[in-house]
1. Once Lys and Arg get +1 and Asp and Glu get -1 on their Cβ, which of Val248, Gly173, Val138 lies farthest toward the positive end of the dipole of the chain?
2. Compare the Cα positions of Gly36, Gly110, Thr48 along the charge dipole of the chain (+1 at Cβ of Lys, Arg; -1 at Cβ of Asp, Glu; about the Cα centre) and return the one farthest towards the positive end.
3. Tilt of helix 235-253 relative to the longest C-alpha principal axis of the chain, in degrees (0 to 90, nearest 10)?
4. Could you order the peptides 235-244, 10-19 from most to least packed, using the average number of other C-beta atoms within 10 Å per residue?
5. Relative to the longest principal axis of the C-alpha atoms of the chain, give the angle of the C-alpha long axis of helix 181-190, reported between 0 and 90° and rounded to the nearest 10°.
6. Going by the alpha-carbon gyration tensor, a ≥ b ≥ c the square roots of its eigenvalues, is region 149-253 rounded (a/c under 1.5) or, if a/c is not under 1.5, prolate (a/b greater than b/c) versus oblate?
7. Treating the beta-carbon of each Lys and Arg as +1 and of each Asp and Glu as -1, no other charges, what is the dipole magnitude of region 9-144 about its Cα centre, to the nearest 20 debye?
8. Could you give the dipole magnitude of the chain about its Cα centre, charging the beta-carbon of Lys and Arg +1 and that of Asp and Glu -1, in debye to the nearest 20?
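No value in this document is a laboratory result; all are computed from the given coordinates. Predicted, not measured: the structure shown is a model, and the values here were computed from it. Here Cβ is always computed from backbone atoms with ideal geometry, including for glycine, and neighbour counts include all displayed protein chains.
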Amino acid sequence: MRRDMDAALPVQIEAIEPGTVRRRPRRSRHVRLQVGDGATIAVYDPQTVVTPDAVGTEREMELSAEVPAVESRPTGEAGIAARSGGDAVTFYGIVVTVDEAGTEALLDVGSGTVRFDTSSVDRRLYVGDFLELADPVVHVTGMSPTGRSYEAYLSQLDSDDPAARREAATHLGHRGRERAVDRLVAQFRAEHDPSVRRAVVTALGRLAVTARRPDERPDPRIRSTLEAATGDEAREVRDAADDWLDRVASYWFS
């Protein structure tokens, strides 16, 4: 069994539109993705990972599926089948990781991998099982540009080029991983370029929403950094900080 459960499915983001999900959270954004093999699928973004600037771009999406039916598919095939314009989807492929508790697994669907819960499976799953996930509710849990690792963007924050640092901060925010908080907070304190500080503020704001479990409050270091940024000398940084504090206030003060 492995703890590494990173899902990565290369897609092009076609659209963001209002939508409701059949399960919790009950209200969410509806995102349409074109997968590398041509299938268009509809997924939900309950964590505000997919922002409007990503529409029309190619990204690697981290997807998590809640599945009402998991069936064996011993043919050895892997792929994605979409129906009804992508509103209904079936994933099929081989299990490549299972967590130690046996509650989540990662399915290789050929063009990438999708994380799924195992609550609807009446037996223990093992690496190497061939399965079909029928009619899942699929959520976005993270996003990054194709072909770049998370660690590469952490290292890129050390670049001498402000544009490279700005790019790194932007994409770290999209990934929704809490281990970037330390690095981004330190970057904000040391950063001289206001455009990079603004990107760091935006990244921390996104992480306040995405890098936590639903029953947790965001990292208090994010809040203190956003509050400090409201007094920044650059207006663009102050405006970004005010905007994100407004967006995530309910997480800290509810």
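1. Val248
2. Among Gly36, Gly110, Thr48, the one farthest towards the positive end of the dipole of the chain is Thr48.
3. Helix 235-253 sits at roughly 50 degrees to that axis.
4. Details: 235-244: 17.8, 10-19: 16.1.
Highest mean packing first, the order is 235-244, 10-19.
5. The angle comes out at about 20 degrees.
6. Numbers: a/c = 2.14, a/b = 1.20, b/c = 1.79.
Note, shape of region 149-253 comes out oblate.
7. Values: 13 positive and 21 negative charges, 99 e Å.
Roughly 480 debye for region 9-144.
8. On the way: 34 positive and 43 negative charges, 122 e Å.
Here the chain has a charge dipole of around 580 debye.
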